[in-house]
Amino acid sequence: MIKTYKFRAYPNKATEAQTSIILELCRQMYNLALEQRIMVYKQSKKSLTCYDQINQLPEFKKEFPQFKQVPSQAFENVIDRLDKAYQGFFRRIKTGETAGFPRFKGYQRYDSFTLRQCGYKLEKSNLIIKKIGTFKLKLHRSIPSEAKIKTVTIIRKNNKWFICFCCDCIIPKVLTKVNRSIGIDVGCESFLTDSNGLKVENPRFLNKSTERITQLSQKLSKQKMGSNRRKKTRLLLAKKHEKVSNQRLDFQHKVAKHYVKHYDLICHEKMQAFKSFRGLNRSMRDMAWFQFFDILSYKAEEAGRKIVKVPAKNTSQQCSGCGEIVLKDLSVRIHSCPHCKLTLDRDLNAALNILRLGTSLQDPTYLNSSSLVKFNILVVE
Ligand SMILES: [Zn+2]
């Protein structure tokens with residue numbers, strides 16, 4: 001399986017300066033390539049492909065000698081990213097979403113580049129990159145010996161540096177079977193509720209930091225453009241946001257780890273992609289379920305656990321006791337069934353439905369095998 005390892009990196013002054021130059025040149029190349037695409041399209045109504053532009057890289061280097069100091073693979077990656085931006089733009093047009101045309105990148109708005117196969121060497125905790133310099137890595141975990149490094153990405157974030165190694169051929173660490181299944185329902189009241197009745201409360205990190213973030217944003221808006229003080233405030237604000245996102249990530253890792261460790265089969269709702277986050281309130285954005293389910297799915301894959309995504313339709317409306325639909329809006333927190341007199345927490349009811357649906361999708365004989373035969377309104381896409 002493929003797995004990415006991210007490490008904090010400490011370049012020396014010279015390496016840092018050189019990497020910043022490379023990032024700036026990558027940004028210029030991105031803008032040049034974008035301009036070229038637009039020009040060619042205006043003149044001949046033809047679209048340049050990724051390959052066309054990669055083939056023209058040597059000519060670019062002849063015309064702009066400063067580009068010669070950048071590893072060719074880094075530039076290929078720049079063209080690749082531009083191509084992805086175009087693909088995303090056309091895909092959004094197709095699906096009818098609001099599609100912004102790929103934009104020119106402003107100064108300091110290009111913060112990473114990627115190398116493939118060659119041009120670097122990993123010696124103990126030092127990453128040596130040709131034409132750039134040496135990064136001292138903080139190896140807080142080791143890359144398994146069987147791993148084949150596919151790409152190396154150098155990232156700058158709020159004056160810190162990180163290196164990501166994308167590795168293939170990782171042998172999964174399969175956990176022993178425990179013969180337990182679980183259904184997970186995510187809601188706006190608590191972060192999630194599982195079918196055993198466990199509620200994981202939402203930590204609301206953002207709420208705790210909101211005051212300071214608002215304070216800093218207001219300060220920033222009053223400061224003069226381009227001033228040193230503004231730069232300082234911007235960095236402080238970015239660091240505050242970074243802290244919130246790190247706390248959130250840490251929390252989600254811990255929750256996901258718990259479920260992967262204790263259950264073989266984990267069922268959850270298929271998440272609908274929100275067209276925009278604007279309509280949601282802040283606490284819902286703060287919970288970032290997509291990120292959580294991503295973490296859960298890769299942890300499960302590595303541990304040899306199974307994830308089943310069930311259609312979200314009716315999971316909260318159906319009674320988990322008898323299968324009848326009991327309509328209720330979001331404000332009603334208790335599910336109370338007039339048919340079988342079952343009364344329980346709304347989210348727990350949904351989690352039980354999700355577990356039942358997930359298990360039946362996994363094994364179709366499950367429904368007939370038990371008293372659950374009454375459920376014939378199963379919704380399967
Ligand atoms: Zn019922």
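Please go through segment 165-201 and pick out each residue that is touching a Phe, Trp or Tyr at 6+ places or on another chain (Cβ under 7 Å) and over 21 Å from residue 261 (Cα atoms).
The answer is 165, 167.
Where residues in segment 216-244 are in contact (Cβ under 8 Å) with a residue 12 or more places away in the chain and polar (S, T, N, Q), which of them is surrounded by the most Cβ atoms within 10 Å (Cβ to Cβ)?
The first filter runs over segment 216-244 and keeps only residues in contact (Cβ under 8 Å) with a residue 12 or more places away in the chain, leaving 216-217, 219-220, 233-244.
Subsequent filtering for residues that are polar (S, T, N, Q) retains 217, 233.
On the way: 217: 12, 233: 20.
Out of the qualifying residues, it is 233.
How do the pairs read when you match residues in segment 42-61 that are aliphatic (A, V, I, L, M) with residues anywhere that are exposed (fewer than 14 other Cβ atoms within 10 Å of the Cβ), using Cβ under 8 Å and keeping only pairs 6 or more apart or on different chains?
Short answer, once both residue conditions are applied: 48/41.
Does segment 129-154 hold any residues that are of a type in the set (A, V, I, L, M, F, W, C), under 20 Å from residue 22 (Cα atoms) and out of contact with any helix residue (DSSP H, G or I) (no Cβ under 9 Å at 6 or more places or on another chain), and which are they?
Scanning segment 129-154 gives 137, 152.
Tell me whether segment 2-23 contains one or more residues that are modelled with pLDDT under 90, in contact with a strand residue (DSSP E or B) (Cβ under 9 Å, 6 or more places away or on another chain), under 30 Å from residue 145 (Cβ atoms) and among the aliphatic types (A, V, I, L, M).
Scanning segment 2-23, I find at least one residue that is modelled with pLDDT under 90, in contact with a strand residue (DSSP E or B) (Cβ under 9 Å, 6 or more places away or on another chain), under 30 Å from residue 145 (Cβ atoms) and among the aliphatic types (A, V, I, L, M), so the answer is yes.
Give the residue, chosen from 53, 43, 18, that is assigned to a helix (DSSP H, G or I), touching an Asp or Glu at 6+ places or on another chain (Cβ under 9 Å) and either closer than 29 Å to residue 167 by Cα or of a type outside the set (A, V, I, L, M) (or both).
So the residue among 53, 43, 18 that is assigned to a helix (DSSP H, G or I), touching an Asp or Glu at 6+ places or on another chain (Cβ under 9 Å) and either closer than 29 Å to residue 167 by Cα or of a type outside the set (A, V, I, L, M) (or both) is 53.
Give me the pairs: first residue in segment 151-171 and under 18 Å from residue 132 (Cα atoms), second residue in a loop (DSSP other than H, G, I, E, B) and modelled with pLDDT under 90, beta-carbon distance under 7 Å, and six or more apart or on different chains, which are they?
So the pair list comes out as 165/143.
Report every pair of residues separated by at least 6 positions or lying on different chains whose Cβ atoms are under 7 Å apart, first residue within segment 185-204 and within 17 Å of residue 312 (Cα to Cα), second assigned to a loop (DSSP other than H, G, I, E, B) and small (Gly, Ala, Ser).
193/187
Surrounded by fewer than 18 Cβ atoms within 10 Å (Cβ to Cβ), charged (D, E, K, R) and not in a loop (DSSP other than H, G, I, E, B) - does that describe any residue in segment 95-105?
Within segment 95-105, none of the residues are surrounded by fewer than 18 Cβ atoms within 10 Å (Cβ to Cβ), charged (D, E, K, R) and not in a loop (DSSP other than H, G, I, E, B).
The values are calculated or read from the model by the stated rules, or taken from the named source; none is laboratory data. This one's a predicted model, so the numbers in the text were calculated from it and none came from an experiment. Please note: Cβ atoms are built from the backbone with ideal geometry, for glycine as well, and neighbour counts cover all protein chains shown.
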